[in-house]
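Peer 1: My questions will all concern the structure given below.
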Amino acid sequence: MGGFFGITSKKQCVQDVFFGVDYHSHLGNSRAGMAAVNSVDGFQREIHNVENSPFRTKFDNITSRMKGKACIGCISDLDPQPLLIKSKFGTYAIAMVGYVANNEKLVKEYLGKSYGIFQAVSGNRVNSLELVAALIEEKDTICEGIKHAQNLIEGSCSLLLLFENRHLVVARDKVGRLPVSIGKDDSGFAVSFESFAYEKLGYEDFKELKSGEIVEISNEECVVLHEGTTEMKMCAFMWAYYGYPNATYEGKNVELFRMNNGRIMAENEKKNGTLPSVDYVSGVPDSGTPHAIGYSHGSNIPFARPFIKYTPAWARSFIPSNQEERKKVAKMKQVPIVDLIKGKDLLFVDDSIVRGTQLSETVDFLFNNGAKSVHMRSACPPIMFACKYINFSRTNSENDLLGRKIILELEGEEGLKYIDEYIDGATERGKAFRKAICEKMKFDSLDYQTLEGMMKAIGIEPCKLCTYCWNGKEN
């Protein structure tokens with residue numbers, strides 16, 4: 001997915017943008033980049049691969065190489081960015097958060113009606129940002145061009161553009177799947193995916209963009225170019241997993257949601273008589289922990305941390321390119337507290353269960369360290385559909401998802417007609433589904449948060465949330 005951050009100011013701002021982008025490192029792990037502009041050097045830009053090292057190590061001492069009172073930067077999980085574009089609108093730097101699901105189709109259509117060309121990247125694919133810029137050029141104004149591109153894109157597309165006059169143009173995706181916020185201080189404005197990034201730099205909240213809203217920002221003012229709409233389909237998974245604990249979207253804090261979500265799960269289990277007898281409740285680090293704290297509060301079972309992730313050397317953003325090395329790093333990061341594991345009945349809450357690969361290794365690790373029993377809870381419903389809007393749960397086949405894999409093992413393709421029954425733990429299919437996963441993953445029991453419970457914990461009208469990965473409902 002990724003995230004972006006930018007500032008236009010009356011003072012030098014490259015260092016602040018460096019810190020602002022670094023606060024988005026939890027959202028992407030492929031490429032990172034920064035672009036600044038000043039009257040002497042014009043545009044300056046750097047892009048680095050951050051697959052094997054944190055953002056800050058690649059952009060250390062950036063202020064000695066880049067100067068400007070306007071600067072943007074981004075973390076990306078796919079395409080190198082920001083790009084520098086020379087166009088009829090002048091030269092600008094552009095960054096994007098989102099996913100162009102119909103990239104190949106749009107490229108073919110564009111090439112079929114113009115004499116344009118695209119630079120091909122790995123896999124003979126076109127950088128989505130280069131495509132977006134080409135689509136913007138088809139209209140007479142930047143605002144109309146952005147709306148045109150967003151209307152053609154299947155997926156999502158929030159944009160941040162920096163122009164030679166140090167103005168920023170910012171657009172939230174047309175249905176508001178992902179957040180974009182603006183902060184203000186005495187010297188100018190900051191734009192961010194995560195609002196806490198500019199709050200730490202001394203900016204106060206100015207506004208959160210509405211779905212499809214487009215604004216132009218100088219260091220003096222923020223002008224609305226397109227109003228947008230209050231209707232939205234915000235990704236509910238932002239609260240369950242993606243969002244950092246101190247992030248707030250649409251007025252709803254991530255950490256508070258997770259604690260409320262866990263509490264609701266436990267209260268439902270007490271009411272249904274399915275709460276197991278265990279010594280401790282724990283989270284599968286990192287984002288599972290607040291869900292588990294809430295579960296502990298709702299169940300009155302003590303919270304503990306039977307194992308810790310050793311992150312000083314192996315940060316969350318460190319992802320080796322080799323699969324065997326990834327598995328080794330994941331194993332080395334988990335450091336047990338044997339006194340809290342050996343002979344204990346444990347219940348763990350994970351933020352989600354997607355493919356289950358790492359979770360299976362975690363359970364083996366717990367039993368190898370003497371756990372008596374391991375019960376598992378997922379803080380969201382079974383994931384049955386690969387996201388086609390923001391690139392979450394990217395996979396070659398939906399059948400790689402653990403939920404679908406189990407259904408196919410139980411009933412074959414016919415079972416996919418009854419996904420709703422498998423999700424519901426009260427049905428015979430739902431019970432068989434959970435039992436099969438327990439046997440495969442060595443859980444002593446398993447259950448999932450309901451979609452209704454999640455919606456209650458978020459506290460936003462369900463019609464304004466995207467829940468496609470759980471129920472497959474188009475929106």
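Peer 1: Go through the residues of the range 31-44 one by one and say whether even a single one is at negative phi, in contact with a strand residue (DSSP E or B) (Cβ under 6 Å, 6 or more places away or on another chain), at pLDDT 95 or above and among the β-branched types (Val, Ile, Thr).
Peer 2: yes
Peer 1: To continue, here is another question. I need every pair where a residue in the range 30-50 that is within 14 Å of residue 82 (Cα to Cα) has its Cβ under 6 Å from the Cβ of a residue that is part of a strand (DSSP E or B) and of a type in the set (Asp, Glu), sequence separation at least 6 or different chains.
Peer 2: 34/46
Peer 1: Let me ask another. Go through (1) out of contact with any Leu (no Cβ under 6 Å at 6 or more places or on another chain); (2) in a helix (DSSP H, G or I) for residue 190 and report which single condition fails.
Peer 2: (2)
Peer 1: For the range 313-353: of the residues being closer than 26 Å to residue 447 by Cα, of a type in the set (Val, Ile, Thr) and touching a helix residue (DSSP H, G or I) at 6+ places or on another chain (Cβ under 7 Å), which is modelled with the lowest pLDDT?
Peer 2: Checking each candidate, the answer is 353.
Peer 1: Residue check: is residue 57 assigned to a helix (DSSP H, G or I), polar (S, T, N, Q) and free of Cβ contacts under 8 Å to residues at least 24 places away in the same chain?
Peer 2: Considered against the rule, which asks whether it is assigned to a helix (DSSP H, G or I), polar (S, T, N, Q) and free of Cβ contacts under 8 Å to residues at least 24 places away in the same chain, residue 57 comes out as yes.
Peer 1: List the pairs whose first member sits in the range 160-179 and is closer than 30 Å to residue 41 by Cβ, whose second member is surrounded by 24 or more Cβ atoms within 10 Å (Cβ to Cβ) and among the polar types (S, T, N, Q), and whose Cβ atoms are under 6 Å apart, counting only residues at least 6 apart or on separate chains?
Peer 2: Note: pairs meeting the criteria are 166/8; 168/8.
Peer 1: Being β-branched (Val, Ile, Thr) and surrounded by fewer than 19 Cβ atoms within 10 Å (Cβ to Cβ) is the filter here, so list the residues in the range 190-235 that pass it.
Peer 2: 223, 224, 229, 230 - these are the residues of the range 190-235 that are β-branched (Val, Ile, Thr) and surrounded by fewer than 19 Cβ atoms within 10 Å (Cβ to Cβ).
Peer 1: Is one or more of the residues making up the range 14-36 hydroxyl-bearing (Ser, Thr, Tyr), in the same structural domain as residue 140 (by TED's automatic domain parsing) and more than 22 Å from residue 243 (Cβ to Cβ)?
Peer 2: Scanning the range 14-36, I find no residue that is hydroxyl-bearing (Ser, Thr, Tyr), in the same structural domain as residue 140 (by TED's automatic domain parsing) and more than 22 Å from residue 243 (Cβ to Cβ), so the answer is no.
Peer 1: What number of residues in the range 202-243 are within 30 Å of residue 354 (Cα to Cα) and assigned to a strand (DSSP E or B)?
Peer 2: 3
Peer 1: While we're looking at this one, here's another question. Can you tell me how many residues in the range 406-444 are crowded, with 18+ Cβ neighbours inside 10 Å and not in a loop (DSSP other than H, G, I, E, B)?
Peer 2: 12
Peer 1: Right, next: Would it be correct to say that residue 22 is out of contact with any Cys (no Cβ under 9 Å at 6 or more places or on another chain) and either aromatic (Phe, Trp, Tyr) or under 22 Å from residue 183 (Cα atoms) (or both)?
Peer 2: Yes: the conditions hold for residue 22.
Peer 1: Exactly one of (1) within 18 Å of the chain's Cα centre (by Cα); (2) under 16 Å from residue 16 (Cβ atoms); (3) among the hydrophobic types (A, V, I, L, M, F, W, C) is unmet by residue 201. Its number?
Peer 2: (1)
Peer 1: Go through the range 407-458 and report how many residues are at positive phi and touching a residue at least 24 places away in the same chain (Cβ under 8 Å). Break it down stepwise before answering.
Peer 2: At the first step, the residues of the range 407-458 found to be at positive phi are 412, 442.
Then drop every residue that is not touching a residue at least 24 places away in the same chain (Cβ under 8 Å), which leaves 442.
Going through the range 407-458 one residue at a time, the tally reaches 1.
The rows are residues; the columns are (1) within 16 Å of the chain's Cα centre (by Cα); (2) at pLDDT below 95.
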{"residue": "246", "(1), (2)": "yes, yes"}
{"residue": "253", "(1), (2)": "yes, no"}
{"residue": "256", "(1), (2)": "no, no"}
{"residue": "259", "(1), (2)": "no, no"}
{"residue": "262", "(1), (2)": "no, no"}
{"residue": "267", "(1), (2)": "no, no"}
{"residue": "273", "(1), (2)": "no, yes"}
{"residue": "277", "(1), (2)": "no, no"}
{"residue": "287", "(1), (2)": "yes, yes"}
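Peer 1: Restricting to the range 356-386, name every residue that is part of a loop (DSSP other than H, G, I, E, B) and within 17 Å of residue 423 (Cβ to Cβ).
Peer 2: Residues satisfying the conditions are 356, 379, 380, 381, 382, 383, 384, 385, 386.
Peer 1: Please determine whether any residue of the range 2-10 is assigned by TED's automatic domain parsing to the domain that holds residue 200, over 21 Å from residue 196 (Cα atoms) and modelled with pLDDT of 95 or more.
Peer 2: yes
Peer 1: Looking only at the range 1-53, filter to residues that are in a helix (DSSP H, G or I) and among the aromatic types (Phe, Trp, Tyr); which one of those is surrounded by the fewest Cβ atoms within 10 Å (Cβ to Cβ)?
Peer 2: Here the residue is 19.
Peer 1: Restricting the first residue to the range 70-97 and requiring it to be within 17 Å of residue 146 (Cα to Cα), which pairs with a second residue that is in a strand (DSSP E or B) and among the basic types (Lys, Arg) meet a Cβ separation below 7 Å and a spacing of at least six or different chains?
Peer 2: Between residues of the range 70-97 that are within 17 Å of residue 146 (Cα to Cα) and residues that are in a strand (DSSP E or B) and among the basic types (Lys, Arg), the close pairs are 82/45; 84/45; 93/45.
Peer 1: Let me ask something additional. Cβ-Cβ under 6 Å, sequence separation 6+ or interchain: first residue in the range 364-390 and charged (D, E, K, R), partner part of a loop (DSSP other than H, G, I, E, B) and surrounded by fewer than 23 Cβ atoms within 10 Å (Cβ to Cβ). Which pairs?
Peer 2: Note: pairs meeting the criteria are 372/343; 372/344; 388/101.
Peer 1: Tally time: how many residues in the range 11-29 are within 20 Å of residue 94 (Cβ to Cβ), touching a Phe, Trp or Tyr at 6+ places or on another chain (Cβ under 7 Å) and either modelled with pLDDT under 95 or not β-branched (Val, Ile, Thr) (or both)?
Peer 2: Adding up the residues that qualify gives 4.
Peer 1: Okay, next question. Look at the range 111-145 and say how many of its residues are of a type in the set (Gly, Ala, Ser), more than 17 Å from residue 90 (Cβ to Cβ) and not in a loop (DSSP other than H, G, I, E, B).
Peer 2: Summing the residues that are of a type in the set (Gly, Ala, Ser), more than 17 Å from residue 90 (Cβ to Cβ) and not in a loop (DSSP other than H, G, I, E, B) in the range 111-145 gives 5.
The values are calculated or read from the model by the stated rules, or taken from the named source; none is laboratory data. Just so it is clear, the structure is predicted and the values come from calculations on it, not from any experiment. Cβ sites come from the backbone with ideal geometry, for glycine too, and all protein chains shown count toward neighbours.
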